[in-house]
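Q: Before I ask anything, here is the structure I am working with.
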Amino acid sequence: MIKFTWDLHYNCNFRCPYCWFYKNWAELSRQNIYLTPQEWMVHWKRIYDKYGEVKIEIVGGEPFIYPDFIELVKQLSSFHLIKITTNLSGDIERFVKEISPDRVSLDLNYHSLFITLETVFKKAHILNDAGFKCGVCYLAYPPQMKQIPYLERRFKQEGIGFALAAFWGEYNGVKYPEGYTEEERELMKPFLGDIDRITYHLDGISPRGKLCNAGHKYAVIHANGDVVRCGSLFNQVLGNILSDDFSLLEKPAPCEADSCPCNEYDNLIC
């Protein structure tokens, strides 16, 4: 199945210091396109007619603050499978009443500077009780590392899945993920999943030169509709999702990235 990661808009109601976009929200927001659900469906129906059902992983920014977002998900999920990454600030109670868990799943992020743990538990339980597949991810940002053992216990007590993501960036003059100590790496590994995620996401091994489906069976859509092979190759535009003649690459191509921080290594063929 073809997959798209869609940066729905560059706008967020949180201001996390570790965010990719922390210093650039105002500049990035100039790319935002605000169409109605009906207008977006014209383009996504064209994708359906060309490629059949695809999986759309909606990220941002925060998707839930996009105008008429729940209605957009409702209409999109009638043709495509949807996955949403959210900071859980949205109206989850309304969401579960209007959206089918058969077509939609969620990745929940816990940002402790802007939302309480109790709120995360409450909303995660609402989603899980309604049949949605979702767990909670917490960023292994250096000042937050000491919270991990406590959070592991609390999420286990609540029966909610708990995972970690490595921090890619700089903190106190140290670059990460290279800057993690061996002790920190061992703490993180059980929460990261498969060995490839450790290789590319935590250890930062370059995938350059490996044959990859990015651009062929997977692509990233920017907020202005521009489509690129993956997050690392954000300047290499293949086309625009709003164009009638948009198409993906006809076959896999060698990876051209020096790193794979966005977990897009899943598209590597060898």
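Q: Rg(Cα) of the chain divided by 2.2 N^0.38 Å?
A: On the way: Rg = 18.4 Å, N = 270, 2.2 N^0.38 = 18.5 Å.
In units of the 2.2 N^0.38 Å rule of thumb, it is 1.00.
Q: Another question about this same structure. Once you have a ≥ b ≥ c as the square roots of the Cα gyration tensor eigenvalues for region 1-143, tell me rounded if a/c is under 1.5, and otherwise prolate or oblate according to whether a/b is larger than b/c. Spell out each step's value before the answer.
A: Details: a/c = 1.89, a/b = 1.25, b/c = 1.51.
Taking the square roots of the gyration eigenvalues as a ≥ b ≥ c, region 1-143 is oblate.
Q: Defining a contact as two alpha carbons under 8 Å apart and six or more residues distant in sequence, what relative contact order in percent does region 72-216 show?
A: Once normalised by length, the contact order is 16 percent.
Q: Show that you can apply the helix-only estimate: for the chain, add -39,500 (n - 2.57) for every DSSP H stretch of four or more residues, divide by all residues, and state [θ] at 222 nm to the nearest 500.
A: Taking each H run of at least 4 residues, the total per residue is -7500 deg cm²/dmol.
Q: Mind ranking His125, His9 by accessible surface for me, highest first, 1.4 Å probe? If you can, show how the numbers build up before the last one.
A: Working: His125 55, His9 0 Å².
Solvent-accessible surface, decreasing: His125, His9.
Q: To the nearest 20 debye, what charge dipole does the chain have about its Cα centre, counting +1 at the Cβ of each Lys and Arg and -1 at the Cβ of each Asp and Glu?
A: It works out to roughly 240 debye.
Q: Test of understanding: what is the full-extension gain from Asp266 to Lys55, defined as 0.36 nm times their sequence separation minus their Cα-Cα distance?
A: 74.5 nm
Q: For the chain, what's the relative contact order in percent, using C-alpha pairs closer than 8 Å and at least 6 residues apart?
A: This gives 17 percent for the chain.
Q: Counting only DSSP beta bridges with both residues in region 131-243, tell me the antiparallel percent, nearest 5.
A: Percentage antiparallel, nearest 5: 55.
Q: For region 18-116, state which chymotrypsin sites (Phe, Trp or Tyr not before Pro) are in a DSSP loop and have at most 10 other beta carbons lying within 10 Å of their beta carbon.
A: When the chymotrypsin sites (Phe, Trp or Tyr not before Pro) of region 18-116 are filtered for loop state and at most 10 Cβ neighbours within 10 Å, nothing remains.
Q: Continuing with the same structure: Test of understanding: what is the full-extension gain from Ala130 to Thr181, defined as 0.36 nm times their sequence separation minus their Cα-Cα distance?
A: Difference between extended and current length: 14.4 nm.
Q: Give me D for region 26-108 in µm² s⁻¹, whole number, from Stokes-Einstein with Rh from the Kirkwood sum over alpha-carbon pairs, 4 °C and 1.567 mPa s.
A: Approximately 97 µm²/s, per Stokes-Einstein.
Q: Mind checking region 149-247 for GluC sites (Glu not before Pro) that DSSP puts in a loop (not H, G, I, E or B) and that have at most 16 other Cβ atoms within 10 Å? Could you put the intermediate results ahead of the total?
A: On the way: sites: Glu152, Glu158, Glu170, Glu178, Glu182, Glu183, Glu184, Glu186; in loops: Glu178.
Listed in order of number, the matching sites are Glu178.
Q: Further question on the same structure: Compute the relative contact order of region 50-93 as a whole-number percentage, counting only Cα pairs closer than 8 Å that sit 6 or more residues apart in sequence. Mind showing how you got there, number by number?
A: Numbers: 40 pairs, mean separation 23.6, N = 44.
Across region 50-93, relative contact order equals 54 percent.
Q: For the full complex of protein chains and a 1.4 angstrom probe, list Asp266, Asp226, Asp129 by accessible area with the highest value first.
A: Values: Asp266 95, Asp226 40, Asp129 135 Å².
Reading off the accessible areas and sorting them downward yields Asp129, Asp266, Asp226.
Q: With +1 on each Lys and Arg Cβ and -1 on each Asp and Glu Cβ, how big is the dipole of region 63-111 about its Cα centre, in debye rounded to the nearest 20? Walk me through the intermediate numbers first.
A: Numbers: 5 positive and 7 negative charges, 21 e Å.
For this selection, approximately 100 debye.
Q: How charged is the neighbourhood of Gly209? Take every other residue with its Cβ under 11 Å from the Cβ of Gly209, and add Lys/Arg as +1 and Asp/Glu as -1.
A: Cβ neighbours under 11 Å give a net charge of 0.
Q: Any idea how far the Cα center of region 142-215 sits from the one of region 1-64, in Å?
A: 24 Å
Q: Another question, then. What residue among Ile92, Trp6, His201 has its Cα farthest toward the positive end of the dipole of the chain, where the charges are +1 on Lys, Arg and -1 on Asp, Glu, each on the Cβ?
A: Ile92
Q: Can you check what the net charge comes to around Pro37, using other residues whose Cβ is under 13 Å from the Cβ of Pro37 (Lys, Arg +1; Asp, Glu -1)?
A: After counting each charged neighbour, the total is -2.
Q: Count neighbours as other Cβ atoms within 10 Å of each site's Cβ, and list the chymotrypsin sites (Phe, Trp or Tyr not before Pro) in region 137-242 that are DSSP loop with at most 15 such neighbours. Present the calculation step by step, with values, prior to reporting the outcome.
A: Working: sites: Tyr138, Tyr150, Phe155, Phe162, Phe167, Trp168, Tyr171, Tyr180, Phe191, Tyr200, Tyr218, Phe234; in loops: Phe167, Trp168, Tyr180, Phe234.
Listed in order of number, the matching sites are Phe234.
Q: Counting DSSP beta bridges with both partners in the chain, what percentage is antiparallel, nearest 5?
A: Roughly 30 percent of the beta bridges in the chain run antiparallel, per DSSP.
Q: A further question on this structure: Return the FRET efficiency for the residue pair Thr199, Cys19: r is the Cβ-Cβ distance, R0 is 22 Å, and the value is rounded to the nearest 0.05.
A: Plugging the Cβ-Cβ distance into 1/(1 + (r/R0)^6) gives 0.35.
Q: Longest exposed-loop-site-free stretch of the chain, with trypsin sites (Lys or Arg not before Pro), DSSP loop and at most 14 other Cβ within 10 Å?
A: 24-132
The values are calculated or read from the model by the stated rules, or taken from the named source; none is laboratory data. A quick note: this is a predicted structure, and the numbers were derived from the prediction, not measured. With ideal geometry, Cβ positions are generated from the backbone for all residues, glycine too; neighbour counts draw on all protein chains shown. SASA here: full protein model, heavy atoms, side chains in, ligands and nucleic acids out. Shrake-Rupley method; radii C 1.70, N 1.55, O 1.52, S 1.80 Å.
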